[in-house]
1. Using alpha carbons only, how many degrees (0 to 90, rounded to 10) separate the axis of helix B:2-30 from the longest principal axis of chain B?
2. List the residues of segment A:580-614 whose backbone N lies under 15 Å from a point placed 7 Å from the Cα of A:Asn551 along the Cα-to-Cβ direction.
3. Give a quick list of trypsin sites (Lys or Arg not before Pro) in segment A:78-147 that DSSP marks as loop, anything other than H, G, I, E or B, with at most 16 other Cβ atoms within 10 Å.
4. Per DSSP helix of 4 or more residues, -39500 (n - 2.57); summed, then divided by the residues of chain B. What does that give at 222 nm, rounded to the nearest 500?
5. Report, ordered by chain and residue number, the lysines lying within cross-link reach of B:Lys240, taken as a straight Cα distance under 30 Å and ignoring same-chain residues fewer than 8 apart.
6. Once you have a ≥ b ≥ c as the square roots of the Cα gyration tensor eigenvalues for segment A:425-502, tell me rounded if a/c is under 1.5, and otherwise prolate or oblate according to whether a/b is larger than b/c.
7. Helix B:189-219 sits at what angle to the longest principal axis of chain B, using alpha carbons and giving 0 to 90 degrees rounded to 10?
8. Before we go on, tell me the buried accessible area for the C/B pair, both chains summed, 1.4 Å probe, in Å² to the nearest 100.
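The values are calculated or read from the model by the stated rules, or taken from the named source; none is laboratory data. Predicted model, so just to flag it, every value in this text is computed and none were measured. Neighbour counts run over all protein chains shown; Cβ positions are idealised from the backbone, glycine included. Heads up: the accessible areas ignore ligands, DNA and RNA and are worked out on the full protein's heavy atoms, side chains in. Shrake-Rupley method; radii C 1.70, N 1.55, O 1.52, S 1.80 Å.
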Amino acid sequence: MNKPIKRISTVIVSLILLACTDGALNNPYVQKEDNGKVIYTVFSERPKHLDPAKAYSSNEYAIIAQVYEPLFQYHYLKRPYQLEPLLAQSMPRVRYFDAQNKPLDETALATDIAYSEYLLTIRKGVKFQPHPSFNLVLHKTLPEDWAGDDLYRLPLATRVLTSDDFIYQIKRLADPATQSPIAGLMGGYIIGFNDFSKKQKALQTQFPQLRKAQRLQAESMMGVRKINEQQFIIRIKGKYPQFINWLAMPFFSPMAWEADEFYSHQILLKKNMSLDWFPVGTGPYFLKENNPNRRMVLLKNPNFHDDFYPSQGTAESLSAGLLADAGKQLPLTDKVIFSLEKESIPYWNKFLQGYYDSSGISSDSFDQAVVFSAIGGVGLTDNMRARDIGLQTAVTTSTHYLGFNMLDDVVGGYTQKNKKLRQAISIVMDYEEYISIFQNGRGVPSQSIIPPGIFGHVGGQQGVNPVVYEWRGKAVRRTVSQAKELLTAAGYENGIDSATGKPLVLYFDSMDSGPDSKARLNWLRKQFDKLNIQLVIRGTDYNRFQEKMRNGNAQMFMWAWNADYPDPENFLFLLYGKNAKAVHGGENAANYQNAEFDALFEQMSTMDNTPQRQAIIDKMINITQQDAAWLWGFHPKAFSLHHAWYKNGNPNLMANNKTKYINIDPVLRANYQAKWNKPVYWPLAIVLLVFLCLLIPAYLIYRRIERSTAL
Amino acid sequence: MINYIIRRLLYVFPVLIGVNILTFVLFFVVNTPDDMARMQLGDKHVSQAAVENWKQQRGYDLPLLWNEQAQGVEQATNTIFFKKSVGLFVFDLGLSDNGRDIAADISQRMWPSLAIAIPSLIFGVLANITFALLLIFYRGNYLEFGGLFLCIVSMSISGLFYIIAGQYLIGKLLVLTPISGYAPGADAFKFIILPVLIGVVGGLGSGVRWYRSLFLEEAAKDYVRTAKAKGLSDLQVLFKHVLKNALIPILTGIVVILPLLFMGSLISESFFGIPGLGSYTIDAISSQDFAIVRSMVFLGSFLYIIGLLLTDISYTLVDPRVSLD
Amino acid sequence: MMTVLWTDIAVFFLVFFGLVVAWRSSKKEHLRRPWEKVFNSKTGVASLTILLIFILIGTLDSARIQHYKTLDTQELSTQAKTLSLLDIILTPIRTRVEKTYSEPFAHMAYAKEMGVDEAGQQKWRYPRLSFAGAHLSEPNSEKSGDILLKVLLGFSFGMLAWLALVLILSLLAGKFILSKGSSGIRVCLLTLLGVFFIVGCIAMLGPYYHILGTDKVGEDVLYQAIKSIRTGLVIGSLTTIVMLPIAIGLGLMAGFFRGWVDDVIQYVYTTLSSIPAVLLIAAAILMAQVYMANNPELFTTVEDRADMRLFLLCMILGITSWTGLCRLLRAETLKIREMDYVVAAQALGVKKAQLLKRHVLPNVMHLVMITVVLDFSGLVLAEAVLSYINIGVDPSTYSWGNMINTSRLEMAREPIVWWSLTAAFIFMFTLVLAANLFADVVRDAFDPHSNS
């Protein structure tokens, strides 16, 4: 009968034992691991790809942008966003040629330019991280005494970076076996890219035994030419100024052919060790441990080249103390630990306990963290300030919109009737309310497709969307009665179709299924209710939604776009006719097609950021506002919190390789963690007490029973 | 005996084929290979060519169940179903749809699942038996009524409440354990203590009741009366005779579930962020990774049948009266 | 005009079916005796009363009518809204929607908001709720007295209504049933007294306060919890409709015919039960979603869609859960078919179908009865777990599982939002506890081997 007591006491004893050995009982890390300059952060799902030719989402970039380096990067502190050389020695020299391959000068008209040539010079003396793949003997066989658990227990080696590595990566982009997401896009620009792709496919079917590295090196690509170990040339079709932005993305990081060769070992594949999981780069860190089920660990790359913390920045960054580490060799930390944290609640709680250095703010913890001051500014709650937590905000370079399918009979089309219906809906959809309810006010209602911070965005009175807003000192949404007038003019007085006499029913296609979606969809219905239009929600799953969009069967949908690079072209192309999703399979999900807009787009996309370009963009925005193919929705604001010991955090929405600039004060961290995580023992004592109390009657009865049987 | 085991093992095949066909049909009624490709390729800049390429590399470019174009036997074998099923039967689980080796992942994720499941089972059974015996010892007493009522009460509380309340109280308010997470080896202790505790407490109600009825059945037998007549005390009878004789149904009851311990617990693994097979399955369902789902279903069914077989065998081992021929 | 959903039909069918079974079994001696045992047990009657109240609420929630909203222009809107009788009864609670969270009995919102105070100053403060406690001018001092008064009023109304009920029943029975009636009736009436008290209080307090607070979009949590009753009941009972015919049919056939029939049926249930149920349910729910996405014309409203999903969930739960009962029935049938009277009847040339219906089926009915009652509570609990992994009911359906699912996020707030979880807990616990207690009593009454 005293078994349970024994068990409870063993539990308590072991808990106390644990308390003696560990600092805090609830520390989610193993204490043996250092308390040094380590960044503790999270990943919420297993990144699909860590191969720079395939990776294309932010959670993948969070890792590979620290390991791989492209030729250029965005300056960490300067605004507007500015490219600077990273692996390149200088910015590229661009030359233009006409169709007869004759050189043209800088001022040549875009229409005359048939080819552009980028001459790229790379930095001298850059070395790859230590990695077994550079040990060429290992390509043949792996040592027998290797346990097979840790790549870095194999003999390591390194090599100097050459221009071949960049060329090899471009070939990998074109290789059909890689399935790079930008292969289609690049095929339209880089000369010989598609041919190379076809040749590789043929080679693959002809010689299936040929290993990847050999196969890729067997052919050359027309538009990519090596000059010497330090220089190479990329030749693209026409003029495409945004190409340099692509060169700053991880897609164009150098890749050693040895890596592909090394990872072709079947044994490694069986152990899930491939280039897609263990990158080989030149960056500030290398991936030491990759257990996507639990955690990933980046360690400082001992071979990292000279790279210093910037000493110039905006006035704000100076006042925020972001230049304290100016001129120091990067990276500033030794180790980054990414822990798997699928759900927001444990993430938030561990952040508050000090086990993660920074955190976003989910809408559920928003009230707890942020207050709005009387003048409309944002600040932290007293609770957060007492913990010395810092707040950063930034309007993201992305846009959330509600699109109409322009191919639809009712909401699509370009007649006055169609246009007025869309305009009426644009007015009643109260995005200010949406932002306050569903985004906790973290967003700016959009006036056009271009978010703030991108060239072409116009603020203030000039930028107001005249269809939806009026300017009265600030942008004021037009009234419901104005919308009703438009609706009447469109032939749907009071929500009744004057042609048929039936109520107007519209359909909204959604792929929402979270707990919040019900409230969101109800809100949407309420907006249409203002015009007495019945809204039917067609909920579906991700695949079906995509299919509907591809076939152009949707009527209305909500979607979002994140900028690839800071150029208006990356937003305006979402409305370019030749990108219509249902027609050409592009990214123009609304299937908007307007000849005038398309012509202006073609002209604008090859221009540099000049006042002329701004004028054209203004014209384009005006056209789209009148056509109202989208409800422009809003640009979300990103709020993030960080602890006092986490320094140099700066919202840079374009740079992915921000980790190297971060600095950590480990002593401060240890102090705070100890302060915030004092275990509470007394409830355990109470539980024990209650249990003991229960034992008294049990014992009394036991005595009675024993006595009665004894009699 | 050996014959019986061989026969039963042969019976495994038709069942597994049935399971395989069922999962296959259920999955592909919902998803076309195109859908799977797009799901894996993401949503920016995906062309039809990329989709075809993906399907071809993963072997999803064949017809599902019947190949019209092929000749002879190939009509049945040159299909997605055949190609994907054959591997399973030799436990070559192949690659998941996002390109990882499933067997490697399973062998890695099995340990955290076991680290939770085995202590939960052991402590659960011990606690259940102890309390059940105590209830019987105090038969006809207010302690028994109180205990039985508590059992029904604890059975009526959803398992989710135990997890949510436990995590909130012990992890967040009392700061005694990490809120979630896992570490391998001896460091796992602080991570598994809370899930195990919750697992044991949550299962107490129904467990105690089940063991109690088992013991009651045993206690009603003649030999117990004889033992009492001999002058043994209640406690001695209970522990020496009743418990000993009830061990057979207890053990066989445990043997059935032993193999399934590998599969992990779906809910508590995802609540506590434990990288086991339960959360592996849940993730595969939500990301619609057919290869993983199919492998896990196959493995689950296989282990279930092995469990049944082990039960039968354990019957013969503990009770010589049972024979399997 | 009536709108009928699939599960509504099922609910009414179930109620009707239950009544028929009750009526038929009251005429059969061997079934009446155990039921009398149940009605003589205090726990049995009390829990049955609670269950019946839940069933009444569920049935009220299944009778729907079209309701037209009045527009600003005093015309009736052309768009109808479908409301159940329960919605109409609960109108004061249903329509008082606040902006966002508020605590139980609060008169101020949970979160601070920018607003203008009396002095006309912009301030960051807790705003007053638009409905709850709006009738009070000095809520801080008046509120507790007001609540106490309303509770007392509610108690007295409950008491009055209860006395009226007792009086009417006494008149009908011709004797004062509280002292002269059977013990079952007395326990039932005492349970009802408790229920009447609660209903009285809700009726008094409901229109003035949010008794269990409001959720993220300001909807009354009490209303959600009450609406979830129907979902819980449907899942717990509709599943059995699907499961029973399969389990009984196949179980009896396997045990009675043996041979290849037995082999095939055994194969089918071994195969089905060896697949982890969660995976089967997940696949089926995905399939249902695709079907609905491909046939949008069949499901025009969110309600239709959600209802279909609920219906399909019951189907699939039924399909995964029949194997246990089937196995049990097969074993029992194997035993029965060897009994003398069955062998004799067979020798006399009675047709097999007759034999099964007359001699075998009645002898396994107690097993069926016990399984149905025992499974009920398990299914109600399962709904919550399935909703947690998003393969349960539609997110727009009111259900305790969905409430628990959203409350996980609320638990992370500071101060914590505990009321949604608590409300779901109380309601679910009451239903499941009543069902478990009832199941215990039923099992003791029906199981010949029961040990008490």
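1. That works out to roughly 50 degrees.
2. Only A:582-583 pass the distance filter.
3. Counting only loop positions with at most 16 other Cβ atoms within 10 Å, the trypsin sites (Lys or Arg not before Pro) in segment A:78-147 are A:Lys78, A:Lys124, A:Lys140.
4. The per-residue figure over chain B is -22500 deg cm²/dmol.
5. A:Lys3, A:Lys6, B:Lys221, B:Lys228, B:Lys230
6. Since a/c reaches 1.5 and a/b is larger than b/c, the shape of segment A:425-502 is classed as prolate.
7. In chain B, helix B:189-219 runs at an angle near 60 degrees to the longest axis.
8. Numbers: alone 24530 and 18490 Å², together 39410 Å².
Using a 1.4 Å probe on protein heavy atoms, the buried area is about 3600 Å².
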